[in-house]
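The values are calculated or read from the model by the stated rules, or taken from the named source; none is laboratory data. Quick caveat, the model's predicted, so the values are computed rather than measured. Neighbour counts run over all protein chains shown; Cβ positions are idealised from the backbone, glycine included.
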Amino acid sequence: MDKDKVMPESSKKDMILIPSLALNLLLLYPLFGGCKKWELLSWSRRAAAEAEAVASVSCSGHGRAYLDGLPVDRMPVCECNSCFGGPNCSEVIAGCPADVDSGDPLFLEPFWMQRAASSAVLIAGWHRMSYSFNDNSSISQELEKHIRKVHAIAKNAVTGRFIVFGAGSTQLLNAAVHALSMDNPSPPSAVIASVPFYPVVVLSNFKH
């Protein structure tokens, strides 16, 4: 073998060391960059830390601790789901009846927990304190755009019509039925609910 073509041992080490250093810098940069961004936060840092802390409280998967719950010794405690009790909601309440006459969005909790970062929202105390937006409407144009987009993807509503918004489906249905019944020349108006439906839907709308 030609001696001139033999690579020195030090050069071989450099070829291994340099890519290794570059890779480590690439992996560590987001970590230190994230710390720097965290240090730049002011009023929101404490709120974020409190939210993370209360979300980490273990309630055995059968409850949840909340920042706005009643604290014990200034610490958030578990609020147990139906049929569970105890300090960490691990105790099953014997003979507890299952209520199938209504619904509870708690079944969606695992979905949102898996999307904790993308679904988290930090709202300032002075966020949008006015009753209306700068276009004199009562709903954000951005929110309206996303509502129409969701229904267009799900194909469960005609998206070119009016949007009714409120706190919960019962309130929404009451408002929608009331508005539609105003055009009915011979009340009462008929309310048709496809199976499955919550009985409260029919009970709260029978008078229209």
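Of all residues in region 125-148, how many are within 24 Å of Ser42 (Cβ to Cβ) and either modelled with pLDDT under 90 or not aliphatic (A, V, I, L, M) (or both)? Write out each step before concluding.
Going residue by residue through region 125-148, those that are within 24 Å of Ser42 (Cβ to Cβ) are 125-129.
After this cut, where a residue has to be either modelled with pLDDT under 90 or not aliphatic (A, V, I, L, M) (or both) as well, the list is 125-128.
Looking only at that region, the number is 4.
How many residues does region 77-101 hold that are in contact with an Asp or Glu (Cβ under 9 Å, 6 or more places away or on another chain) and of a type outside the set (Phe, Trp, Tyr)? Even if it seems obvious, please write down each step before you answer.
The initial filter retains those residues of region 77-101 that are in contact with an Asp or Glu (Cβ under 9 Å, 6 or more places away or on another chain), namely 80-82, 84-85, 89.
Retained after the next criterion (residues that are of a type outside the set (Phe, Trp, Tyr)): 80-82, 85, 89.
So the answer is 5.
So that you can scan it fast, the table gives a plain yes or no per residue for (1) basic (Lys, Arg); (2) surrounded by 10 or more Cβ atoms within 10 Å (Cβ to Cβ); (3) at pLDDT 90 or above:
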residue: Ser44; (1), (2), (3): no, yes, no
residue: His62; (1), (2), (3): no, yes, yes
residue: Leu70; (1), (2), (3): no, no, no
residue: Gly86; (1), (2), (3): no, yes, yes
residue: Val100; (1), (2), (3): no, no, no
residue: Leu106; (1), (2), (3): no, yes, no
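To keep it simple, each residue is scored yes or no on (1) part of a loop (DSSP other than H, G, I, E, B); (2) surrounded by 12 or more Cβ atoms within 10 Å (Cβ to Cβ).
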{"position": "His127", "(1), (2)": "yes, no"}
{"position": "Asp135", "(1), (2)": "yes, no"}
{"position": "Ile139", "(1), (2)": "yes, yes"}
{"position": "Ala157", "(1), (2)": "yes, yes"}
{"position": "Ile163", "(1), (2)": "yes, yes"}
{"position": "Leu172", "(1), (2)": "no, yes"}
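Condition check: small (Gly, Ala, Ser) and either in the same structural domain as Leu67 (by TED's automatic domain parsing) or exposed (fewer than 12 other Cβ atoms within 10 Å of the Cβ) (or both). Does Ser181 satisfy that?
no
Sort out which residues of region 82-124 are touching a strand residue (DSSP E or B) at 6+ places or on another chain (Cβ under 9 Å) and either in contact (Cβ under 8 Å) with a residue 60 or more places away in the chain or on the phi > 0 side of the Ramachandran plot (or both), and write them in order of number.
Cys83, Gly86, Cys89
Every residue in region 100-125 that is aliphatic (A, V, I, L, M) and not in a helix (DSSP H, G or I), please. Talk me through it step by step, then tell me what you get.
Looking only at region 100-125, we keep the residues that are aliphatic (A, V, I, L, M), and these are 100, 106, 108, 113, 116-117, 120-124.
Result: Val100, Ala120, Val121, Leu122, Ile123, Ala124.
Which condition number in (1) surrounded by 11 or more Cβ atoms within 10 Å (Cβ to Cβ); (2) more than 24 Å from Ala167 (Cβ to Cβ) is the one that Val54 fails?
Tallying (1) surrounded by 11 or more Cβ atoms within 10 Å (Cβ to Cβ); (2) more than 24 Å from Ala167 (Cβ to Cβ), Val54 fails exactly one: (2).
Evaluate the following for Asp104: is it farther than 24 Å from Gly168 by Cα and out of contact with any Asp or Glu (no Cβ under 6 Å at 6 or more places or on another chain)? Spell out the reasoning first.
Values: farther than 24 Å from Gly168 by Cα: no; out of contact with any Asp or Glu (no Cβ under 6 Å at 6 or more places or on another chain): yes.
No; evaluated as a whole, the condition is false for this residue.
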